[in-house]
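Q: First the structure, which I've put down as structure tokens, then a few questions once you've had a look.
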Amino acid sequence: MSDPTRPKGPKIIAVANQKGGVGKTTTAINLAAALVEQGSRVLVVDLDPQGNASTGLGIDTADREYTTYDLLLDDADLKDVVHLTATEGMAIIPATVDLSSADIELISNEKRSFLLHDALRQPAMDEYHWDFVLIDCPPSLNLLTVNAMIASHSVLIPLQSEFFALEGLSQLMLTVREVRQTANRNLRIEGVVLTMFDARNNLSQQVEQDARDNLGELVFETKIPRNVRVSEAPSFAQPVLDYDPTSKGAEAYRDLAREILNKRISTTA
Ligand code: ADP
Ligand code: MG
């Protein structure tokens, strides 16, 4: 996609929430697929030692010789760590459990908070012409997540439509504020997206109401419904957009991509 109003280099978005199981990986994979479907070129960076995004996009553990760990701590070449996926226009830098030790190794590294920032701004990045980089963060506010926030233009927060959903959000926002004050002045909140939404469930509606009351415009209009096709897709190593293109889940991620693309155009024009 050549958009003359677009700033140089990809827009980098960290998909973050320190709670596990809220839909970070699902959102990273499927938003990436939806952005690709709408004409963008997208790189997913798997920053979670669990490597769920890598598995969900069909990168076997045996094929993960070079990973995010090597990118951050071993100065690996981009061409070695970037793996193509079955979806044309989408690539991933995969992760393995090795990454779980990175958090500790980073502590003794002087440039510890800027490793991902620097890796994603190396000149070789330009050759890929990515429009977006989506970083799938671990379920923690550790140094890996801080690396993601420092490397990013914005943070996208999946919020599970469950009891206690908003709990912990203030801590996440505090981390964003700290990163802004210290290392990345321009870090934005891309938005908060309600995930696993069940319209028939009063609790889902209550969470939506609370989120919109407290966070206002930060909450995306699009809600991602709880949809069994979404949860099945990773075991077929596919985004739901490929696994079941007409499912409610696929449609919702397309809507989310549209909201993000529209915002991007309105903020860069
Ligand atoms: P996280 O990365 O935040 O830990 P995941 O994206 O792995 O969360 O999602 C947690 C679980 O919920 C996974 O089993 C996933 O398949 C399931 N899930 C996520 N989003 C949906 C959805 N919209 N509908 C149904 N299941 C979902
Ligand atoms: Mg995950």
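The values are calculated or read from the model by the stated rules, or taken from the named source; none is laboratory data. Values in this document were obtained by computation on a predicted structure and should not be read as measured data. A quick note on method: Cβ atoms are made from the backbone with ideal geometry, for glycine too, and the neighbour counts reach across all protein chains shown. When the accessible area is computed, the model is the full protein with side chains, heavy atoms only, and any ligands, DNA or RNA have been set aside. Shrake-Rupley method; radii C 1.70, N 1.55, O 1.52, S 1.80 Å.
Q: Pairs to check: Lys79/Lys111; Lys19/Lys111; Lys19/Lys79; Lys24/Lys223; Lys24/Lys248; Lys19/Lys263. Give those whose C-alpha atoms are more than 21 Å from each other in this structure.
A: Pairs exceeding the cut-off: Lys79/Lys111; Lys19/Lys111; Lys19/Lys79; Lys19/Lys263.
Q: Would you mind working out the accessible area per residue for the chain, using a 1.4 Å probe, and quoting it in Å²?
A: 46
Q: Using just the C-alpha positions of the chain as equal point scatterers, what log10 of I(q)/I(0) does the Debye formula give at each q in 0.15 1/Å?
A: -1.10
Q: Between Gln181 and Lys248, what's the calculated FRET efficiency when r is the beta-carbon distance and R0 is 35 Å? Round to 0.05. Display every interim value, and only then the final one.
A: On the way: r = 40 Å, r/R0 = 1.15.
My answer for the efficiency is 0.30.
Q: Right, next: Have a look at the DSSP beta bridges in the chain and tell me what percent are antiparallel, nearest 5.
A: Of the beta bridges lying entirely in the chain, close to 5 percent run antiparallel.
Q: Starting from the exponent 0.38 and prefactor 2.2 Å, build the expected Rg for the range 1-114 from its residue count and divide its actual Cα Rg by it.
A: 1.10
Q: Next question, about the same structure. Only sites in a loop by DSSP and with at most 14 other Cβ atoms within 10 Å count here; which chymotrypsin sites (Phe, Trp or Tyr not before Pro) in the range 103-194 make the cut?
A: The qualifying sites are Phe163, Phe164.
Q: Ok, one more. Computing the accessible area with a 1.4 Å probe over protein heavy atoms, can you report the carbon and sulfur percentage for the range 11-268?
A: Numbers: 5520 of 11580 Å².
Using a 1.4 Å probe with all protein chains present, the range 11-268 comes out at 48 percent carbon and sulfur.
Q: List the residue ranges in the chain for DSSP H helices whose C-alpha atoms run 27 angstrom or more along the long axis and whose Kyte-Doolittle average is -1.0 or above.
A: On the way: long enough: 248-268 (30 Å, -0.82).
Helices meeting the criterion: 248-268.
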